[in-house]
């Protein structure tokens, strides 16, 4: 399968997984994406938790702008162009350049306003790379694809942020860090990165390797083994705090 066919397949299956993030300036603009964590699976039940994922740097603000993509919302035209979220910084758990938050705040907002996220297509457990897929990334560059919402300079609050796909390669550097090779457009920080694994002579399996940590040249990729570990830590019950107390 040719590279442009792989890019087309990514857009066909997961173009509905992303949202633009931004604070009115191109330097702050980024991308988030929906991910469905498989919690329980059996003959009669499949239970998932839906998360919003992005780069840590995109969450370090008390107030943020989340673009409400009209193509993901029903009924058409029911939502405003964007949602301003107060207390944004406190919503996220973070590790190694990644940030995760439950997506319920977006669904709750839609219900209050009389619309729903009808055509969101989250990345699922089946497409998210497992530890063995991450380990398979070596020093030899391999083709990779990133989804992100581009922006312009200077950017305006509420501006249209079209979805785009960038192509390059990923490889593991001598320090063991998986990196995107080359530059990315402004607005791609936090977007998902895909690679293709060959299956047989003519077939490929597309996997989401992780997310872009920044739009610096040759940025780190926060791989899905790290993201899963962060999610597990976020949902793990916390032990009671023990400390000094004063007896009266």
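A few points about this structure:
- Among beta bridges that DSSP assigns inside the chain, antiparallel share in %, nearest 5: 95 percent
- When semi-axes √(5λ) of the Cα gyration tensor in Å is computed from the coordinates, the matching label among (1) 28, 24, 20; (2) 29, 28, 20; (3) 27, 21, 19 is (1).
- With a Förster radius of 30 Å applied to the C-beta separation of residue 201 and residue 121, the computed FRET efficiency comes to 0.55.
- Within a Gaussian network of the chain (alpha carbon springs, distance under 10 Å), most fluctuating of 61, 167, 31: 61
- The chain - mean residue ellipticity at 222 nm from DSSP helices (-39,500 (n - 2.57) per run, n ≥ 4, rounded to 500): -4500 deg cm²/dmol
- Label-to-label distance for residue 39 and residue 168 is 3.7 nm, based on points extended 7 Å past Cα in the beta-carbon direction.
- Classification of region 56-187 by its C-alpha gyration tensor yields a prolate form. The axis ratio a/c (a ≥ b ≥ c) is 1.5 or more, and a/b outweighs b/c.
- When 80, 17, 229 are arranged by Cβ crowding within 10 Å, least crowded first, meaning fewest neighbours, the order is 80, 229, 17.
- Taking the number of Cβ atoms within 10 Å of each Cβ as an exposure proxy, the fewest-first ranking of 100, 134 is 134, 100.
- Mean-position separation - Cα centroids, region 163-206 and region 62-80, in angstrom: 28 Å
- Calculated FRET efficiency, residue 15 to residue 80, Cβ-Cβ distance, R0 = 22 Å: about 0.55 to the nearest 0.05.
- Each of 81, 44 was scored by other Cβ atoms within 10 Å of its Cβ. Arranged with the fewest first, they read 44, 81.
- Average Cα contact separation per residue, the chain, under 8 Å, 6 or more apart, as relative contact order %: 22 percent
Rule-based calculations on the coordinates, nothing more; no lab input. A quick note: this is a predicted structure, and the numbers were derived from the prediction, not measured. Using ideal geometry, Cβ is built from the backbone for each residue, glycine included, and neighbour counts are taken over all protein chains shown.
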